[in-house]
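The values are calculated or read from the model by the stated rules, or taken from the named source; none is laboratory data. As the structure is a prediction and not an experimental result, all values here were calculated from the model. Using ideal geometry, Cβ is built from the backbone for each residue, glycine included, and neighbour counts are taken over all protein chains shown.
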Amino acid sequence: MKPFPTFRLALTCAAALAALSTLPAHAVGRLADIQLIDRDSGETLTVHRHRGEHWVAGRPGARYAVSVRNSTGARVLGVVSVDGVNVISGETAAWQQTGYVLAPWQQHAITGWRKSDAEVAAFHFTTSGASYAGRTGRPAHVGVIGVAVFREKPLPPPPPAVLPWPSSPSDEAAPHSRSDASASGAADTTSEAQAEGEAPRERAESLAARRLAPAAPLPAPRLGTGHGAREHAPVTHTTFERRRERPDEIIRIRYDSRENLIAMGIIPTQAVPPRPNPFPGAVQPGYAPDPA
């Protein structure tokens, strides 16, 4: 297998972690929990599952954050994209690019497009045409947030201890050691095969959802993510070697305005249409007058 790329950006934003210390049950993801937070209201946006996809409703003009929490006891790398654009480098997003490294169980709120080690340009919901992707000539994937999660390549095992000349009992114990190592390797291979099988299923679900998507025009312009005001958001650098070339998990959340999600049938509405009264007028009998 060819060498894995190494990426270097890591998190140290303690204030953001403290502000988002708990997660509701509707966070999306297995190796990492992903949520969208409306920063102006403090609300965690509800996730709606529809035809195999996850959707949230954003408020036009509101600033938001992508909250990422490492759900494992080891470091992970998250390559994060918004509207098909890498949130750190501004490149058209791909798995091999730079991302955020999270310590075990660490949580971080990604609040904007990274401009330096100290600043970001705030995410905010805006029309598709005014989005950062739209303004940079890449409007095709506006309305989706993705996180590609990678496990870290484990350190090599320590060298074997030098033992004295074995006696007969030690000779009998040696095959045991070889058997245990082989079983461990088999378990790792099975885990990777299962991870490889996840991507085709996700692609099949996505394709089926696109085929069933309604063609009717939406009542409001589609939402995208704008390039907002500069904000202080420091990070530091680290090294990270990926365990494998493909992501161990890909998390995808789509978003649009509440009005559009209702029109697409993603958010059910309890609104009852007005009931006209067949006899709204006076009770005095008479004849039909001429119209004015």
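Answer yes or no as to whether Gly84 is closer than 25 Å to Asp248 by Cβ, surrounded by 16 or more Cβ atoms within 10 Å (Cβ to Cβ), out of contact with any Cys (no Cβ under 8 Å at 6 or more places or on another chain) and of a type outside the set (A, V, I, L, M). So Gly84 fits the description; yes. As for segment 132-141, it holds no residue that is crowded, with 23+ Cβ neighbours inside 10 Å, under 16 Å from the mean Cα position of the chain (by Cα) and of a type in the set (Ser, Thr, Tyr).
Restricting the search to segment 39-70, which residues are within 15 Å of the chain's Cα centre (by Cα), charged (D, E, K, R) and more than 19 Å from Gly99 (Cα to Cα)? Scanning segment 39-70 gives Arg49, Glu53. Taken over segment 258-282, the residue count meeting the criterion of being modelled with pLDDT of 90 or more and either part of a loop (DSSP other than H, G, I, E, B) or among the β-branched types (Val, Ile, Thr) (or both) is 5.
Among the residues making up segment 108-120, those that are within 19 Å of the chain's Cα centre (by Cα), in contact (Cβ under 8 Å) with a residue 60 or more places away in the chain and part of a strand (DSSP E or B) are His108, Ala109, Gly112, Trp113, Arg114, Val120. Restricted to segment 71-93, and to residues there that are part of a loop (DSSP other than H, G, I, E, B) and more than 25 Å from Gly129 (Cβ to Cβ), the residue that is nearest to the chain's Cα centre (by Cα) is Ser71.
Out of (1) under 25 Å from Ala27 (Cα atoms); (2) modelled with pLDDT under 95, what's the single condition that is false for Val147? Status for Val147: all satisfied but (2).
Within segment 234-256, the residues that satisfy the criterion of being surrounded by 15 or more Cβ atoms within 10 Å (Cβ to Cβ), more than 18 Å from the chain's Cα centre (by Cα) and not in a loop (DSSP other than H, G, I, E, B) are Val235, Glu241, Arg242.
When Tyr64 is tested against (1) at pLDDT 95 or above; (2) surrounded by fewer than 16 Cβ atoms within 10 Å (Cβ to Cβ); (3) farther than 18 Å from Thr239 by Cα, exactly one condition is not met: (2). For segment 44-73, give me each residue that is farther than 21 Å from Arg222 by Cα and either free of Cβ contacts under 8 Å to residues at least 60 places away in the same chain or of a type outside the set (Val, Ile, Thr) (or both). Ser67, Arg69, Asn70, Ser71, Gly73 - these are the residues of segment 44-73 that are farther than 21 Å from Arg222 by Cα and either free of Cβ contacts under 8 Å to residues at least 60 places away in the same chain or of a type outside the set (Val, Ile, Thr) (or both).
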